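The values are calculated or read from the model by the stated rules, or taken from the named source; none is laboratory data. It should be emphasised that the depicted structure is a prediction, and the values quoted were computed from it without experimental measurement. Cβ atoms come from the backbone with ideal geometry, glycine included; neighbour counts cover every protein chain shown. Accessible surface areas use protein heavy atoms only, side chains included; no ligands, DNA or RNA. Shrake-Rupley method; radii C 1.70, N 1.55, O 1.52, S 1.80 Å.
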Amino acid sequence: MYLDQKAKEKLFKKHGKNAKDTGSAEGQIAIFTHRIEHLTTHLKNNRKDYNTERSLVMLVGKRRALLDYLTKKDILRYRAIVKELGLRK
């Protein structure tokens, strides 16, 4: 599996409050970003995998919704997570 329990805990520890903080917006955005990167590399090798392409589009939408929520809730947290993950170029 591409994302085991230890990798998830590491992501949540780095971007959330602690390793068990799986519900924070920052932690969710980080895990979505990791999954998006994984699916993107998969689609580069498998261009005709339309089910994965659809999943990727839905995942990007979920991440966008969380980022919009974070923008409305606390702009400083939004700017911090965008900078950490390098989402804007």
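Out of the residues in region 1-40 that are surrounded by 15 or more Cβ atoms within 10 Å (Cβ to Cβ) and among the hydroxyl-bearing types (Ser, Thr, Tyr), which is nearest to Leu87 (Cα to Cα)? The extreme case among them is Thr33.
How many of the residues in region 41-65 are over 18 Å from Lys83 (Cβ atoms), among the basic types (Lys, Arg) and part of a helix (DSSP H, G or I)?
3
Within region 32-49, residues that are in contact (Cβ under 8 Å) with a residue 24 or more places away in the chain reach partners that are open to solvent by 50 Å² or more (accessible area, probe 1.4 Å) with beta carbons closer than 8 Å, at six or more positions or on different chains, in the pairs Phe32/Lys62; Ile36/Val60; His38/Tyr2. Looking across region 66-89, the residues that are under 13 Å from the mean Cα position of the chain (by Cα) and not in a helix (DSSP H, G or I) come down to Gly86, Leu87. Please verify whether Leu43 is surrounded by 14 or more Cβ atoms within 10 Å (Cβ to Cβ) and either at pLDDT below 95 or within 10 Å of the chain's Cα centre (by Cα) (or both), treating the condition exactly as stated. Taking the combined requirement at face value, the residue does not satisfy it.
Cβ-Cβ distances below 8 Å connect the following pairs, each with a first residue in region 1-22 that is polar (S, T, N, Q), a second residue that is open to solvent by less than 70 Å² (accessible area, probe 1.4 Å), and a separation of six or more residues or different chains: Asn18/Phe12; Thr22/Phe12; Thr22/Gly16; Thr22/Gln28. Contact map, region 65-89: first residue surrounded by fewer than 14 Cβ atoms within 10 Å (Cβ to Cβ), second residue assigned to a helix (DSSP H, G or I), Cβ cut-off under 6 Å, separation 6 or more or different chains; pairs are Thr71/Tyr78; Arg88/Val82. One residue is enough: does region 17-31 have a residue meeting the conditions in a helix (DSSP H, G or I) and either among the hydroxyl-bearing types (Ser, Thr, Tyr) or on the phi > 0 side of the Ramachandran plot (or both)? No - not one qualifying residue is present in region 17-31.
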